[in-house]
Amino acid sequence: MVFKHVIDLIKGRELVSLSPTDTVRVAIDRMVACRVDCILVLDHTLLVGLFTGRDLLVRVVAKGLSPDEI
């Protein structure tokens, strides 16, 4: 198995982020616009989470929740 440092994986890439208070709709719109499958959740400069396409499916769509309300 090949291991890489995080900095090597993100070097030269634009990091996409949102605030913990943003809705899932904001996350989806930003992920689509930036063509990414995950987005960093930042509280100012502190990483507090990561929202992925799988999170969207399992935590929102599968439960019948509205992305505009959560």
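The values are calculated or read from the model by the stated rules, or taken from the named source; none is laboratory data. Remember, it's a predicted structure, so these values are computed and weren't measured experimentally. Every residue, glycine among them, receives a Cβ derived from its backbone with ideal geometry; neighbour counts consider all protein chains shown. For accessibility, only protein heavy atoms count, side chains too; no ligands or nucleic acids. Shrake-Rupley method; radii C 1.70, N 1.55, O 1.52, S 1.80 Å.
Taking trypsin sites (Lys or Arg not before Pro) that fall in a DSSP loop and have at most 11 other Cβ atoms within 10 Å as cut points, what is the longest piece of the chain between them?
No qualifying site falls inside 36-62, the longest such stretch.
Report the one residue of L56, L18, L46 whose Cα lies farthest in the direction of the positive end of the charge dipole of the chain (charges on C-beta: Lys and Arg +1, Asp and Glu -1; origin at the Cα centre).
Of the listed residues, the answer is L56.
Step through the residues of the range 61-70 one at a time and calculate ³J(HN,Hα) from phi using the Karplus curve (6.51 cos²θ - 1.76 cosθ + 1.60, θ = phi - 60°), rounding each to whole Hz and writing x for Gly and Pro.
Each residue's phi maps through the Karplus curve to give 4, 4, 9, x, 8, 8, x, 7, 9, 10 Hz.
Please state the relative contact order of the chain as a whole percent: Cα pairs under 8 Å, 6+ residues apart?
Normalised by residue count, the contact order of the chain is 29 percent.
What full-extension length gain, to one decimal in nm, is calculated for T45 and V26 as 0.36 nm per residue of separation minus the Cα-Cα distance?
Result: 5.0 nm gained on full extension.
Using Cα atoms only, what is the angle between the long axis of helix 24-34 and the major principal axis of the chain, expressed in degrees (0 to 90) to the nearest 10?
It works out to around 40 degrees.
HN-Hα J couplings of the range 45-55 from phi, Karplus 6.51/-1.76/1.60, θ = phi - 60°, integer Hz, Gly and Pro as x?
10, 8, 6, 10, x, 9, 10, 10, x, 5, 4
Taking 7 Å along the Cα-to-C-beta vector as the label spot, tell me the A62-L15 distance in nanometres, rounded to one decimal.
2.9
Could you report the accessible area of T45 in Å², rounded to 10, computed with a 1.4 Å probe on the protein chains as they sit in the structure?
Per-residue accessible area (T45): approximately 130 Å².
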